[in-house]
Amino acid sequence: MRDDERKAYERRKWRQVAGHFAMGAVFGALFAVVLLLGNYFGLAKVIDTSEAPMLIRAVLVVGIAGSFAFLAAITGFLFLVHED
């Protein structure tokens with residue numbers, strides 16, 4: 001494989017991993033919002049009684065979205081490596 005073809009191939013694969021990362025972040029954020037809005041496990045009620053509920057909500061959503069994004073990127077990477 002020529003050097004130009006290899007670079008294009010690697011760029012395409014990293015773009016696909018970035019797509020998995022973005023998809024995981026969106027799904028994670030949606031999951032966290034549904035978790036908060038549905039008040040599952042009394043989570044929203046506990047957060048409402050804290051000193052800074054908006055900050056805690058933001059940290060929760062970003063944390064869950066980041067976790068989902070990281071794990072989706074790793075999974076996508078492993079699928080792409082196995083595909084070749």
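How large, in percent, is the carbon and sulfur part of the accessible surface of the chain at a probe radius of 1.4 Å? Each step should come with its number before you reach the end.
Details: 4480 of 6350 Å².
Within the chain, the accessible surface is 71 percent carbon and sulfur.
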Any residue on another chain or 5+ positions along whose placed amide H is under 5 Å from the amide H of N39 is listed here as A44
Ranking request for peptides 43-49, 6-12: highest mean number of other beta-carbon atoms within 10 Å first, then the rest in descending order. 43-49, 6-12
Residues in segment 49-78 reached by a label modelled at N39 [backbone nitrogen below 15 Å; 7 Å Cα→Cβ]: 49-50
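Which order do the peptides 31-42, 57-68 take when ranked by the mean count of other beta-carbon atoms within 10 Å per residue, highest first? Walk me through the numbers before you get to the answer.
Working: 31-42: 12.8, 57-68: 16.0.
Result, highest mean first: 57-68, 31-42.
Just from its helices, what would the mean residue ellipticity at 222 nm be for the chain, if runs of 4 or more DSSP H residues each count -39500 (n - 2.57) and the sum is divided by every residue, rounded to the nearest 500 deg cm²/dmol? Don't jump to the answer; show the numbers that get you there.
On the way: 3 runs with 72 residues, N = 84.
That calculation yields -30000 deg cm²/dmol at 222 nm.
The values are calculated or read from the model by the stated rules, or taken from the named source; none is laboratory data. Keep in mind the model is a prediction, meaning the values are calculated, not measured. No Cβ is skipped: glycine too gets one built from the backbone with ideal geometry, and neighbour counts run over all protein chains shown. Remember, those area values only see protein heavy atoms, side chains included, never the ligands or the DNA or RNA. Shrake-Rupley method; radii C 1.70, N 1.55, O 1.52, S 1.80 Å.
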